[in-house]
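> My questions all concern the structure below.
Where a number appears in this text, it was derived from the coordinates with a stated rule and is not lab data. For clarity, every value in this text was computed on a predicted model and none was experimentally measured. Positions of Cβ are backbone-derived with ideal geometry, glycine not excepted, and every protein chain shown enters the neighbour counts.
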Amino acid sequence: MPTAAVVELAPELQPWREKLLRLMAEEQPWLEPELTLAELAHRLRTNTSLLSHVINTGCGQNFNDFVNRYRVAEAERKLQDPRLVHYSLVGIALECGFNSKSTFNRVFKKLTGRTPGEVSRPKS
């Protein structure tokens with residue numbers, strides 16, 4: 001799982017960061033392609049501006065990058081899974097919460113420095 005950058009966070013925001021990271025670990029909402037900041041805030045029972053502030057300052061990134069880091073980490077895991085060698089790259093992308101191949105390729109390259117097709121996969 002991606003680790004969030006350790007950034008100095010105001011003490012009153014620290015519990016929100018912990019709740020957010022726990023939710024991400026336990027419920028894996030990034031697997032839902034339509035996940036929004038508002039939906040995540042609703043699940044945490046807070047508002048979007050507080051959550052956005054926690055992600056920006058407490059995790060050092062914006063909402064999209066925050067969510068996409070989880071998706072890419074999941075994609076990397078699935079690409080290495082010998083049980084999933086029959087999955088296409090698009091299949092992996094969709095399973096990880098991306099809603100298009102182009103977005104998957106662009107984000108994967110941005111975060112890993114390589115395209116999904118450049119990842120060495122196990123042989124079937």
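> ³J(HN,Hα) across the range 117-123 via Karplus (A = 6.51, B = -1.76, C = 1.60, θ = phi - 60°), whole Hz, x for Gly/Pro?
Along the range 117-123, the couplings run x, 7, 6, 6, 9, x, 7 Hz.
> Mind giving me the FRET efficiency for E12 and R77? R0 is 41 Å, r the Cβ-Cβ distance, nearest 0.05 is fine.
Numbers: r = 34 Å, r/R0 = 0.84.
For R0 = 41 Å, the calculated efficiency reads 0.75.
> Evaluate the distance, in nm, between pseudo-label points positioned 7 Å from the Cα of K123 and of E27 along their respective Cα→Cβ axes.
With each label placed 7 Å out from Cα toward Cβ, I get 4.4 nm.
> For K123, give me every one of the lysines with a C-alpha distance below 30 angstrom, ignoring sequence neighbours fewer than eight places off in its own chain.
Filter leaves K78, K101, K109, K110.
> Label the chain by shape, choosing from rounded, prolate and oblate, from the square roots a ≥ b ≥ c of the eigenvalues of the Cα gyration tensor; if a/c is under 1.5 it is rounded, and otherwise prolate applies when a/b is larger than b/c, oblate when it is not.
On the way: a/c = 2.32, a/b = 2.08, b/c = 1.11.
Judged from the Cα gyration tensor, the chain comes out prolate (a/c at least 1.5, a/b above b/c).
> Further, regarding this structure: Take K19 and S102, extend 7 Å from each Cα along the Cα→Cβ direction, and tell me the distance between the two endpoints in nm.
A separation of 3.8 nm, rounded to one decimal place.
> While we're looking at this one, here's another question. Quick one: putting +1 on the C-beta of Lys and Arg, -1 on the C-beta of Asp and Glu, what dipole do you get for the range 14-66 around its Cα centre, in Debye to the nearest 20? Please list the in-between numbers first.
Numbers: 5 positive and 7 negative charges, 55 e Å.
Charge dipole, the range 14-66, about its Cα centre: 260 debye, nearest 20.
> Find the Cα radius of gyration of the range 71-117, compare it with 2.2 N^0.38 Å by division, and give the number to two decimals. Walk me through the numbers before you get to the answer.
Values: Rg = 9.5 Å, N = 47, 2.2 N^0.38 = 9.5 Å.
So the range 71-117 has a normalised radius of gyration of 1.00.
> In the range 71-117, if the dipole is taken from +1 on Lys/Arg beta carbons and -1 on Asp/Glu beta carbons about the Cα centre, which of A75, L111, V90 is farthest to the positive end?
L111
> I've got another one for you. Is any residue of the range 85-107 close enough, with backbone N under 17 Å, to a label point placed 7 angstrom from the Cα of N62 along the Cα-Cβ axis, and if so, which?
Residues passing the 17 Å test: 103-104, 106-107.
> Oh, and also: Around R114, what is the net charge, scoring Lys/Arg as +1 and Asp/Glu as -1 over all other residues with Cβ under 15 Å from its Cβ?
+2
> Using 0.36 nm per residue, how much length does the chain from H42 to E95 gain when fully extended, once their Cα-Cα distance is taken away?
Working: separation 53, 0.36 × 53 = 19.08 nm, distance 2.34 nm.
Taking H42 through E95 to full extension adds about 16.7 nm, to one decimal.
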